[in-house]
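The values are calculated or read from the model by the stated rules, or taken from the named source; none is laboratory data. It should be emphasised that the depicted structure is a prediction, and the values quoted were computed from it without experimental measurement. Note: ideal-geometry Cβ built from the backbone for every residue, glycine included; neighbour counts use all protein chains shown. Surface accessibility is based on the protein's heavy atoms, side chains included, excluding ligands, DNA and RNA. Shrake-Rupley method; radii C 1.70, N 1.55, O 1.52, S 1.80 Å.
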Amino acid sequence: MTNHWIDIKNSDCILIMGSNAAENHPISFKWVTEAMKNGAPLISVDPRFTRTSSKADIYTALRSGTDIAFLGGMINYILNNNKYFEEYVAEYTNACFIVADSYGFTDGLFSGYNPKQHKYDKSQWAFVKGANGIPKKDRTLQDPRCVLQLLKKHYSRYDVDTVSAITGTPKEDLTKVYETYGATGAKGKAGTIMYAMGWTQHTVGVQNIRAMAIIQLLLGNMGVAGGGVNALRGESNVQGSTDHCILFHILPGYLKTPKASQPTLAAYNKKYTPQTNDPLSANWWGNYPKYSVSLLKSFFGDKGTRANDFGYNWLPKLDDGKTYSWLDLFDAMYRGEFSGFFAWGQNPAGSGANANKNREAMTKLDWMVNVNIFDNETGSFWKGPDMDPKKVKTEVFFLPCAVSVEKEGSITNSGRWMQWRYKAADPPGEARSDGDMLIALGKKLKYLYRKDKDAVFPEPILNLKWDYTSHGEFDAHKMAKEINGYFLRDVTIKGKHFKKGDLVPSFAYLQDDGSTSSGNWLYCNSYTSKGNMAARRKREKSGIGLNPEWSWCWPVNRRIIYNRASVDLTGKPWDQEHPVIEFKGDVKDGKYVSKKWVGDVPDGGWYPMKNPDGSDRTDTKYPFIMKPEGHAHVFGPGRADGPFPEHYEPMECPVEKNALSDQLVSPVAPKYATAMDIYKSCDPQYPFVGTTYRVSEHWQTGVMTRWQPWLLEAQPQLFVEMSQELAKMRGIKNGEKVIVESPRGKVEAVAVVTIRFRPFKIQGTTVHEVGLPWHYGWVHPKNGGDSANLLTPSTGDPNTRIPETKAFMVNVKKA
């Protein structure tokens, strides 16, 4: 989230799309209710009428996988009807930047496309720069090559008739949604978006979010109270796990994983440290070397020195051009490219797309360690459906682990709030906490590498700093302090003196000379000499709900990021009723003569862009400090699939032609080529759109909840929801057992015939959609059904490789 849960109450309009917050985030939904009490309309856009929809002022449906068409129509509406916040757009976004003539878009393809490699040459999407190396701008937004004019041209094709034909959304509903949400572009108004996996799990997942980000920037809804682009994380610590590098392509704090072509620390830092010639750009990623060196010092301690690049060569390197995502990992496993696997706190036999392929891939392993709290489909895959245990060579080890209330530590929620949790009880039997298991594993590896004199490349393990225990057990406080970071020698920085062993007060004090450590620069300031900031529990009695002394929020306890965009050029809030920050410096002769921001922690403490008399200041910075140019990206030249979001059909779809171009699906979406990777579009064997979702009573693949009898009683087995029209066409009655089948697998489910799904009219043809929850599996309960991911395809977003599990083709028939 760019904002946070409580801030939702400040919104003037809430769009919930790609999520079902009332059902999947029921506690946090109270802040939506608070906003509605204050008059904010709630808009629910979902293929299915959900519990969220039942609370909404406006509900409409769209076919799964057509969100960009829907949002592109909103962009077109905002631009054509001058609903955008012109001053905000011209001053704070790159809408005013001039784009080079090399950029173009023709019939569904952006310039620079290589059809053999299925990749774009992104250098063709560059900005025109002046002699000083700074992008040329037209703040009047009239130049035909400025981003705003190119945006207008791109989305002029997304008229209401076309969008309705693609999405199946009635034209009058589209207009109502566009008018209602577009009204938040007025000065002093704010709209927010709440999204989840319904947007991300697509071959255009990143561009779904990009489209909404463009809308928020056009309306001036970024950085302000009640605004933002807000991801509803599917688990209480997904944000924290991402921050700390659970994904293959990042290190903690969103630093990049090194590549084989970057043999030295200097080469690595040069590659990922952006440069700017604009004195008004903070270019905060220009501090990259400080964060990377501090991370290396956290990893390797005294073993990492300037002479050995602080241990940089001990980090694993990615092969250039190769991805190691979830989809690629199981593809390689299926091909027998590696022999061992830790399934830690996960159930890929049920949670992964094309789950039959995942299960078969596990048979190719020599060993697998399953760390979990209950038996599950992954740990017992070898005796599951269509498996012959005698033919499975994989040796499986099950390690029982503690649940969240049986261990101490922190979680970071969707709103970036790091909150400390205390241990309530000891884990039962032989169950151990993750920290204790990892400490033991690390010590054993160190022992084995020391013992084996012929070990290949032992330095990464032997030199790894591994002192996070107290009294022989993992100490969460020691780890939290390590993540925050230490001064490693006596230093004086910015006129302040620090001793060796002092905790670093914020990332502004991190250095690239080896004098500081930090396990994650974003979390520097979370555990300081003042104590454990995440453990604070002081509530705010008034204001807009920032609660600065309740827990801690990255970065540096800033509750709303990019908050300097919430004020005008002189530092006065756009929204006087809900100020996030405000500049209160002294004024003399029309000029600011002292610095003083009040409210949230400002995104940089510089002076405002202008003085009260309207004169420009040179001792200031643009508000979007993480971008090299200091402006938010309406035009996004860094994405793998284009600088503007463009509608493409899902990899499997019910139509033969894209209504907007001759390019049916994303030209850069990944496809896999094993015998178990089958894709079918417009195939009469699979005529219906399928999608997956969650219910309140179960959690993820159900490992935590299917073993609880009271929850199982509430939702006992797999079901499939379908419209009355589809049920009548197939002769299916409510409550009957049916088979749902895709090219990759099939499941048995109970038919739920409902008005929550309605047929769509797509390009003159009736299209039906069905939906299944993905919480079930064959291990428990018996006859409760299996995973809905047996149906989903191995494909995903080209930027992140998140699987496309929200739109695929199926058939439904009586069991």
Is there a residue in the stretch 175-183 that is touching a Cys at 6+ places or on another chain (Cβ under 8 Å) and not in a helix (DSSP H, G or I)?
no
Limited to the stretch 655-695, what total is found for residues that are touching a Lys or Arg at 6+ places or on another chain (Cβ under 8 Å) and in contact (Cβ under 8 Å) with a residue 40 or more places away in the chain?
13
Subset of the stretch 229-275 [of a type in the set (D, E, K, R), open to solvent by 20 Å² or more (accessible area, probe 1.4 Å) and in a helix (DSSP H, G or I)]:
K270, K271
Would you point out which residue out of L546, L569 is assigned to a loop (DSSP other than H, G, I, E, B) and surrounded by fewer than 18 Cβ atoms within 10 Å (Cβ to Cβ)?
L569
From (1) on the phi > 0 side of the Ramachandran plot; (2) crowded, with 24+ Cβ neighbours inside 10 Å, pick out the condition that doesn't hold for R359.
(1)
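Out of curiosity, is Y447 out of contact with any helix residue (DSSP H, G or I) (no Cβ under 9 Å at 6 or more places or on another chain), more than 21 Å from V371 (Cα to Cα), open to solvent by 70 Å² or more (accessible area, probe 1.4 Å) and not acidic (D, E)?
Yes.
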Just give me the residues in the stretch 690-729 being of a type in the set (A, V, I, L, M) and in a loop (DSSP other than H, G, I, E, B), in sequence order.
V695, V703, M704, L718
From the residues in the stretch 305-345 that are part of a loop (DSSP other than H, G, I, E, B) and on the phi > 0 side of the Ramachandran plot, which one is farthest from the chain's Cα centre (by Cα)?
G336
Quick one: would you say S64 is assigned to a strand (DSSP E or B), touching a residue at least 24 places away in the same chain (Cβ under 8 Å) and among the polar types (S, T, N, Q)?
no
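Quick grid of which residues meet (1) modelled with pLDDT under 95; (2) β-branched (V, I, T); (3) closer than 23 Å to S380 by Cα:
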site: Y672; (1), (2), (3): no, no, no
site: I678; (1), (2), (3): no, yes, no
site: S742; (1), (2), (3): no, no, no
site: I762; (1), (2), (3): no, yes, no
site: V770; (1), (2), (3): no, yes, no
site: V779; (1), (2), (3): no, yes, yes
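Yes/no matrix, rows are residues, columns are (1) touching a residue at least 60 places away in the same chain (Cβ under 8 Å); (2) closer than 30 Å to R421 by Cα:
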| site | (1), (2) |
| --- | --- |
| P555 | no, yes |
| R559 | yes, yes |
| R564 | yes, no |
| E577 | yes, no |
Of the residues T2, T52, which single one is open to solvent by less than 10 Å² (accessible area, probe 1.4 Å) and either out of contact with any Phe, Trp or Tyr (no Cβ under 6 Å at 6 or more places or on another chain) or assigned to a loop (DSSP other than H, G, I, E, B) (or both)?
T52
Under 7 Å between Cβ atoms, which residue pairs at least 6 apart in sequence (or on different chains) link something in the stretch 719-743 that is among the acidic types (D, E) with a partner that is assigned to a helix (DSSP H, G or I)?
none
Tell me whether the stretch 218-228 contains one or more residues that are surrounded by fewer than 24 Cβ atoms within 10 Å (Cβ to Cβ) and touching a residue at least 12 places away in the same chain (Cβ under 8 Å).
no
Could you tell me whether any residue of the stretch 386-394 is in contact with a strand residue (DSSP E or B) (Cβ under 8 Å, 6 or more places away or on another chain), open to solvent by less than 70 Å² (accessible area, probe 1.4 Å), polar (S, T, N, Q) and more than 24 Å from A535 (Cβ to Cβ)?
yes
Go through the stretch 98-127 and count every residue that is surrounded by 13 or more Cβ atoms within 10 Å (Cβ to Cβ), out of contact with any helix residue (DSSP H, G or I) (no Cβ under 9 Å at 6 or more places or on another chain) and in contact (Cβ under 8 Å) with a residue 12 or more places away in the chain.
10
Out of the residues in the stretch 20-38 meeting the condition of being in contact (Cβ under 8 Å) with a residue 12 or more places away in the chain and open to solvent by 60 Å² or more (accessible area, probe 1.4 Å), tell me which one is nearest to P759 (Cα to Cα).
P26
Would you point out which residue out of K496, K572, K530 is among the charged types (D, E, K, R) and under 24 Å from N413 (Cα atoms)?
K530
Filtered residue count, the stretch 282-304, keeping only those that are over 11 Å from L315 (Cβ atoms), more than 26 Å from the chain's Cα centre (by Cα) and in a loop (DSSP other than H, G, I, E, B)
0
Picking from T184, T180, T162, which residue would you name as being under 21 Å from V224 (Cα atoms), surrounded by fewer than 24 Cβ atoms within 10 Å (Cβ to Cβ) and not acidic (D, E)?
T180
If we only count helices (runs of 4 or more DSSP H) wholly inside the stretch 348-467, which ones have 3 or more residues that are modelled with pLDDT of 95 or more and closer than 30 Å to E652 by Cβ?
348-351, 355-362
